Amino acid sequence: SIGNPSGVNKKGAMMESNDDYFGAMRLYRECYEDESKRTNALLLFNLGYCLIHGEGVDHDVDEGEKLWRDAVALAPEEGSEEAAWFLYQQYSERGDVVKARQYLDIAADLGLEDAVLMKK
């Protein structure tokens with residue numbers, strides 16, 4: 001499945017649902033090592049999520065957020081809306097209302113339901 005980023009995402013999600021975060025992280029990281037696969041926003045989102053939450057890897061919020069910003073830059077690719085939403089949450093928690101609003105707007109523009117509802 002390494003040759004197919006969509007397959008990696010599905011397999012990684014299955015591993016995570018079985019609490020195999022180390023395996024999922026290893027799979028995401030292995031796929032990410034291939035620069036040609038870095039155009040998959042969902043892969044970038046999943047890898048960033050693992051880094052930020054320390055699932056299968058040491059916490060690295062800076063790297064995780066960078067991956068989420070990279071995923072947002074691939075909009076409207078699947079996964080970019082989740083990355084924008086989670087960046088909105090990260091910046092909101094820090095009190096950075098300007099960046100939070102920027103990512104909320106992006107998530108809403110991409111149709112993420114929670115973001116659309118927040119903007120009403």
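The residues of the range 8-103 expose on average 52 square angstrom of accessible surface per residue, using a 1.4 Å probe on protein heavy atoms. Across q = 0.27, 0.32 Å⁻¹, the range 59-108 modelled as identical point scatterers on its alpha-carbon atoms has Debye log10 I(q)/I(0) values of -0.98, -1.20, in the order of the q list. Can you tell me, using C-alpha contacts under 8 Å and at least 6 residues apart, the relative contact order of the chain as a whole percent? Averaging sequence separation for qualifying contacts and normalising by length gives 17 percent for the chain.
Here is the size of the chain from its Cα atoms: Rg then Dmax, 14.0, 41 Å.
Under 13 Å from a point placed 7 Å out from the Cα of ASP96 along the Cα-to-Cβ direction: which residues of the range 38-77 have their backbone N that close? Residues 61-70 fall inside that zone.
Counting only protein heavy atoms and a probe of 1.4 Å, the accessible surface of the chain is 48% carbon and sulfur.
The values are calculated or read from the model by the stated rules, or taken from the named source; none is laboratory data. Treat the numbers as computed from the prediction; the structure is a model and nothing was measured. With ideal geometry, Cβ positions are generated from the backbone for all residues, glycine too; neighbour counts draw on all protein chains shown. Note: areas computed on protein heavy atoms with side chains; ligands, DNA, RNA excluded. Shrake-Rupley method; radii C 1.70, N 1.55, O 1.52, S 1.80 Å.
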